[in-house]
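Participant: Here it is: the structure, laid out below.
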Amino acid sequence: MKAHHLSMSRVALAHLCAWSFRADAPQHPRPAGAPARIGSGTHKALEAYVKKGEVVTDLPGMAPEEVAEALAFFSPALRAYVDTIPWIACEIGLRYDARTDAATAGPRRGEPFYSEIGPTVIPGTLDLVSVEPDIVTVLDLKTGKKVEDREQLYVQAVAATRFYDVPKARVGYLYARNTKCDEPEWETLDADALDAHAGRLSRLMRRLPTVEPKAGDYCWKCDSRPSCPAFGAQQANDSGRELEEAGFFG
Ligand code: SF4
């Protein structure tokens, strides 16, 4: 039975408002649009390249124009950057338990049993992982616009250091662009920084079952918006203010 709706890729929103990730929060997932399908195709090309050394020329199940865009993102420049680091894992499923501060391997999204998690476990998929004796490197591939926060990287860093039993992590986003790539702005997290992030995750998961909604300018990212009382109240306030400013109330 699924205990909650939170995964590593959604931790940034959860730190702002976690109500939609409660087990009892109504979900209204939006169908994946073309940018998400193209991003998924680029990730499949990355996985084939890193695991099998293949440069794919087709992505079965995708529309031809979306295949072309996904493969343009998986450019020679991006492959050349990927080749600079000896990866030991690609698209690996990990689950981090914020109560025990431990990580285990697990299914990736879409695979059987992905949703079967305990109440304090956060599942996720790490795109690229490299391990040295005292540091693990985690790279997350992005095909969209620049991500302003690093929360997804931090939870991945905590999970990877616990899983591979190393004290430090180096994390960054690699941006696939049409025919080129934007290389990562690396951030190194020492043991204290990792413990601090683990503590934030522990608090987040402890409060999750009873957390209340808190509306903000991030609500557009949320799958519970149509049913959320705080979002509804904010919309009503905004409408009332606009009517007042337009002089409808004399
Ligand atoms: S719509 Fe906004 S306030 Fe409501 S759960 Fe989502 S993020 Fe929180």
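The values are calculated or read from the model by the stated rules, or taken from the named source; none is laboratory data. Remember, predicted model here, so these are calculated numbers, not experimental data. Because the Cβ atoms are built from the backbone with ideal geometry, glycine has one as well, and the counts that use them run over all protein chains shown. Surface areas here come from the heavy atoms of the whole protein model, side chains and all, with no ligands, DNA or RNA. Shrake-Rupley method; radii C 1.70, N 1.55, O 1.52, S 1.80 Å.
Participant: Pairing the Cα long axis of helix 191-207 with the longest principal axis of the chain, what angle in degrees results, from 0 to 90 and rounded to the nearest 10?
Facilitator: Tilt relative to the chain: about 40 degrees.
Participant: Mind pulling the angle between the C-alpha long axis of helix 34-52 and the longest principal axis of the chain? Nearest 10 degrees, somewhere in 0 to 90.
Facilitator: 20 degrees
Participant: Take a quick pass over the chain and tell me how many lysine pairs come in under 24 angstrom between Cα atoms, counting only ones 8 or more apart or on separate chains.
Facilitator: Close lysine pairs found across the chain: 18.
Participant: Tell me, what is the per residue accessible area of the chain in Å², probe radius 1.4 Å?
Facilitator: That works out to 52 Å² per residue.
Participant: Suppose the chain between ALA105 and GLU47 were pulled fully straight at 0.36 nm per residue; how much longer would it get relative to their current alpha carbon spacing?
Facilitator: 19.2 nm
Participant: Looking only at trypsin sites (Lys or Arg not before Pro) in DSSP loops with at most 16 other Cβ atoms within 10 Å, what is the longest site-free stretch of the chain?
Facilitator: 3-98
Participant: Under a Cβ-only charge scheme (Lys and Arg +1, Asp and Glu -1), can you give me the dipole magnitude of the chain about the Cα centre, in debye to the nearest 20?
Facilitator: It comes to approximately 500 debye.
Participant: Can I ask one more? Testing the spin-label approximation: label points 7 Å from Cα along Cα→Cβ at GLU183 and ASP217. State their distance in nm.
Facilitator: Roughly 3.3 nm, to one decimal.
Participant: Here is a further query. Shape verdict for the chain, please, from the Cα gyration tensor: rounded (a/c under 1.5), prolate (a/b greater than b/c) or oblate.
Facilitator: Oblate is the answer for the chain, as a/c is 1.5 or above yet b/c matches or exceeds a/b.
Participant: Related question: In units of 2.2 N^0.38 Å, what is the alpha-carbon radius of gyration of the stretch 32-74?
Facilitator: My calculation over the Cα atoms of the stretch 32-74 gives 1.04.
Participant: While we're on this one: Please find, in a Gaussian network model of the chain (springs between Cα atoms separated by less than 10 Å), the residue of LEU194, LEU59, LEU139 whose mean-square fluctuation is greatest.
Facilitator: In this elastic network of the chain, the residue with the biggest mean-square fluctuation among LEU194, LEU59, LEU139 is LEU59.
Participant: Looking at the chain, identify the longest residue range that excludes and avoids all chymotrypsin sites (Phe, Trp or Tyr not before Pro) in DSSP loops having at most 13 other Cβ atoms within 10 Å.
Facilitator: Longest stretch, sites excluded: 1-112.
Participant: Still on this structure, please answer the following. Of the options CYS219, GLY232, HIS197, report the single residue whose Cα projects farthest towards the positive end of the charge dipole of the chain (beta-carbon charges: Lys, Arg +1; Asp, Glu -1).
Facilitator: Looking along the dipole axis, the top candidate is GLY232.
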